[in-house]
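Just below is one structure, and these are the notes that go with it.
Just so it is clear, none of the values below were taken in a lab; they were calculated from the coordinates. Please read all numbers here as calculations on a predicted model, not as lab measurements. Positions of Cβ are generated from backbone atoms using ideal geometry, with glycine treated the same way; all protein chains shown enter the neighbour counts.
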Amino acid sequence: MSFSKFHNRTTRALDRILQNKYHLGVNDFYLMVFLNENEEKQLRLSQLQHMVGLSQSALSRLISRLESHEMKLVERAGRAEDRRSVYAKLTVNGQKFISELMDDAGEALHHSLSEKDMKNLRVFIE
């Protein structure tokens, strides 16, 4: 199995659904997934920078886009006990949105994978 071909195919399928239906990019999706997976639904910007793989300025622009999204998906927050750090926090709307988006993305990815891909994926999982 060519993992790079598999990865490219799944990334393109994910990008298509994100762009066509939600007008978002893959990095927007990853950021919201990382926030959603965190128990507090928030992470320090410095953590997200490494997780998403963006520069500080690119991450700041991405968060600004999600803050100004019509549904207000993400907000910046601080903590009283840690005044030096800035956090990105998934809003309640953002939590609902990412849940729906993940369902759609899962369906799109399932349809984009061949039987051979599914077989090979099971090998990786086991």
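Kindly check whether there is at least one residue in the range 22-43 that is of a type in the set (S, T, N, Q), exposed (fewer than 12 other Cβ atoms within 10 Å of the Cβ) and at negative phi. Give the steps one after another, and end with the answer.
Within the range 22-43, the first condition is being of a type in the set (S, T, N, Q), and the residues that meet it are 27, 36, 38, 42.
Those still in the list that are exposed (fewer than 12 other Cβ atoms within 10 Å of the Cβ) too: none.
No: the range 22-43 contains no residue that is of a type in the set (S, T, N, Q), exposed (fewer than 12 other Cβ atoms within 10 Å of the Cβ) and at negative phi.
Go through the range 41-79 residue by residue and tally those that are more than 16 Å from Val26 (Cα to Cα) and touching a residue at least 12 places away in the same chain (Cβ under 8 Å).
Selection size over the range 41-79: 11.
I need the strands (runs of 3 or more DSSP E) fully contained in the range 27-126, keeping only those with at least 3 residues that are of a type in the set (Ser, Thr, Tyr) and closer than 24 Å to Thr10 by Cα.
Values: elements: 42-44, 74-79, 82-90.
Because the criterion is at least 3 residues that are of a type in the set (Ser, Thr, Tyr) and closer than 24 Å to Thr10 by Cα, no strands (runs of 3 or more DSSP E) in the range 27-126 meet it.
Evaluate the following for Leu90: is it farther than 20 Å from Gly25 by Cα, in contact with a Lys or Arg (Cβ under 8 Å, 6 or more places away or on another chain) and in contact (Cβ under 8 Å) with a residue 40 or more places away in the chain?
Criteria not met by Leu90.
List the pairs whose first member sits in the range 98-118 and is free of Cβ contacts under 8 Å to residues at least 12 places away in the same chain and within 24 Å of Glu37 (Cβ to Cβ), whose second member is acidic (Asp, Glu) and loosely packed, with under 11 Cβ neighbours inside 10 Å, and whose Cβ atoms are under 9 Å apart, counting only residues at least 6 apart or on separate chains?
Pairs found: none.
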